[in-house]
1. Could you please tell me which pairs satisfy a Cβ distance under 6 Å, a separation of 6+ or placement on different chains, a first residue in segment 452-480 that is of a type in the set (Phe, Trp, Tyr), and a second residue that is within 16 Å of ligand 1 (Cβ to nearest atom) and open to solvent by 10 Å² or more (accessible area, probe 1.4 Å)?
2. Would you confirm, using the coordinates I've provided, whether Ala414 is closer than 23 Å to Lys579 by Cβ, part of a helix (DSSP H, G or I), away from ligand 1 (no atom under 14 Å from the Cβ) and of a type in the set (A, V, I, L, M)?
3. Taking Met349 as meeting all but one of (1) open to solvent by less than 50 Å² (accessible area, probe 1.4 Å); (2) more than 15 Å from Ala316 (Cα to Cα); (3) not in a helix (DSSP H, G or I); (4) not charged (D, E, K, R), write down the number of the exception.
4. What's the number of the condition Asp294 fails, among (1) more than 16 Å from ligand 2 (Cβ to nearest atom); (2) within 17 Å of Leu361 (Cα to Cα)?
5. So, in segment 298-324, exactly how many residues are of a type in the set (Ser, Thr, Tyr), touching a helix residue (DSSP H, G or I) at 6+ places or on another chain (Cβ under 9 Å) and open to solvent by 10 Å² or more (accessible area, probe 1.4 Å)?
6. How many residues are over 31 Å from the mean Cα position of the chain (by Cα) and among the hydrophobic types (A, V, I, L, M, F, W, C) when one looks only at segment 535-587?
7. I need the full set of residues from segment 473-489 which are charged (D, E, K, R) and not in a helix (DSSP H, G or I), in order please.
8. Pull up segment 228-258, narrow it to residues that are farther than 24 Å from Pro55 by Cβ and of a type in the set (Gly, Ala, Ser), then point me to the one that is farthest from ligand 2 (Cβ to nearest atom).
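The values are calculated or read from the model by the stated rules, or taken from the named source; none is laboratory data. Being a predicted model, the structure only gives us computed values, none of them experimental. A quick note on method: Cβ atoms are made from the backbone with ideal geometry, for glycine too, and the neighbour counts reach across all protein chains shown. Note: areas computed on protein heavy atoms with side chains; ligands, DNA, RNA excluded. Shrake-Rupley method; radii C 1.70, N 1.55, O 1.52, S 1.80 Å.
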Amino acid sequence: MKKIVFAITLIFVGYIAVAQKQVSIIPEPQFLKVNNGNFTFYKNTQFIAPASWKPIAKYVQQITSTSISTLQKGNTRIVFKENKNLAASEYTLEATTNTITIAAKDYAGALYGAQTIVQLWYTTNTPSRIACVTVKDKPRFDYRGLMLDVSRNFYPVSFIKNLIDVLSIYKINNLHLHLTDGAGWRLEIKKYPLLTKQAAFRTHKTWKEWWKNGMGYLQEGDPLAYGGYYTQNDAKEIVAYAAAKAINVIPEIEMPGHSDEVLAAYPNLACDSVKGRTGEFCIGNDSTFTFMQDVLTEVMGLFPSKYIHIGGDEAAKGHWKKCTKCQKRITDNGLKDEDELQSYAIQRMEKFISGKGRYLLGWDEILEGGLAPGARVMSWRGEQGGIEAARQNHDVIMTPGGTCYFDKYQQNPAGEPEAIGGFLPLQKVYEYEPLPAALEKDKQQFIKGAQANLWTEYVPTQEHAAYMIFPRIIALSEVVWSNSAAKNWAQFQEKLTAHYKLLQAFNINYCRPSNRIDIKTSIDTASRSAQISFNSEQFKPTIYYTTDGTNPTTASNVYAGAFLIHEKATIKAAIINAKKSAPDSVLINFHKAFNKPVTYQIPYSKSYPAAGASTLVNGYRGTLTYQDGQWQGFTSNMDVVIDLQKVDTIHLVQANFMQIIGPGVYMPKYIEVQTSVDGINYTNQGRDNNTVSPTESSLLFKDFKVQMKPTAARYIKFVSKLQSGFQFIDEIIVE
Ligand code: ACM
Ligand code: ZN
């Protein structure tokens, strides 16, 4: 009798284990097997580790001692073991019902094994118990980073530590601090006390107010001052705290540009041609190099990082052209131009830094005028700089703006705190591949990894910073750690639903999964049909939709897969839940100009061609970002002629424009339409003036329209008058 009961229990236990097989580890391990049964954490669970890994064991113990079952006694243990046969950062993890064994070669590997346990602990559905698993895991890339700009907005040490705690759980191993920039110097330097006394505090709380109101600095201690800096003790504390979490902290000290705050405190380091504010050091002045070397000597004393970042980006070279010292430097050194002058400065710094046994790291502008011999490159203006540096056998970290700049909007800007512009939703981060297809196979070894950058011009609080970072950095963690073949968006979405609990436990503010429906259209020109499909950040939501322009309700169609549209239709789709978001919509219109030839009297911007000459009449509508390949950009007036290829009767010409003033995108002053039967004689059909204020700072769209009585026309001339900066247009609809 007893035997039978035992057998039934086994089957039952096995059944339960199968039913809850799903575990949610991010980044996805290289090998993961979920076994039967659970490991239970008790009050007296033993933690056994070699001396140097005891802090790791203690960390897991602290986290797992906060639950009900830890009141009970049982017989389980967690054993950390050294295994010299594993690679750096690699770990194996075997969790059985009574023992978890984590093996690693080094501290980082042991910590990553521990972090996998920590994730299982927070994401389990059975408190105090985690699934028995077998994991063999190691990173795809050595470099997995996040940059935080602490100059544009200063964040306290407590925030940096909290960030480190959570980054480490996702196996991010580099935190790059942008410590200096025009908005404030953020690190105590003993030899140059004025840097923090005079240039670490400013007149206005937010960068935006400060930027608009004269960009002044205030003395430390001034009652009106905003800002702050890390003392050298703070820096040591951050470095040590990060090291315990296997995170290297990279200091960035900007040169030769982005240095307004230094030159406010030490104006003798600016070019003699400068009157007033400047951001560039004088490269002809030897004091500039003395200054940089002195500063970096202190910096290297505080930060053991093998990478020392010297910025190098976006230096305006105009002052150097007019400065007698800079011009003398060019002549004395046989340099060709100001690009080579910048390269001279970087090469001189590279010699200094490599002489101290470190690597100079810089933004991709350091390629201009010739890359210094040992320099490492962060590719931010797309991937081309990274590709070129790798071809020259220099190590590269990919951080292209389009997929790695976390200062962009992550959801519909209409409902978001103001950001600098752009659109980088979670899925786009997740789909990023750091190895460029264009890079030769034998050069791919030079791509060391990727990094997300949070620039903080529009990020005035720590809660907001966390919001911009999470969950996008969790998506990036899988990009840089997991094998690309193991990446799976749907599975990631499902896993992520279990991780919000972890973020909440660490008091991390994060962007909630959007209710937005990404309506994808795929147009077949020949059959004049559009295939419509929906995508969402929610995991397996019920999506309701209509095709007649009415707002969807729970009585509307339920989305069950892609469908075809053959006629003009307004598709509206929504997830109907507690958040009560407005539906998303797209207009499908095979209008009279659809797929007709367009000629440009004035060319579009080379930077924003979208799909070239077909863009304006291809049936696709621009989405939330001008970088989506549908919005065509102009830095001039726009003047195009559409040829309907036969005389037709028309009564309406309309086009959509966007405004987002952060990056300088404005509505046109007006649009104007003329029609012609022969392409020679045109009749003016009218104008539509802008009604949107140029100071309105949220993302806005406006359809400009010219209506007319039914008119015979073959040629339509469409003009829009530039207001300022850029104008972006998509789809000229003719009916
Ligand atoms: C940068 O975004 N200027 C590196
Ligand atoms: Zn100069």
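1. Going by the 6 Å Cβ cut-off, the qualifying pairs are Trp455/Asp407; Tyr458/Ile420.
2. So Ala414 passes the test.
3. Here Met349 meets the rest and fails (3).
4. For Asp294, the exception is condition (2).
5. 0
6. Total meeting the criteria: 7.
7. Passing the criteria: only Lys487.
8. Gly228
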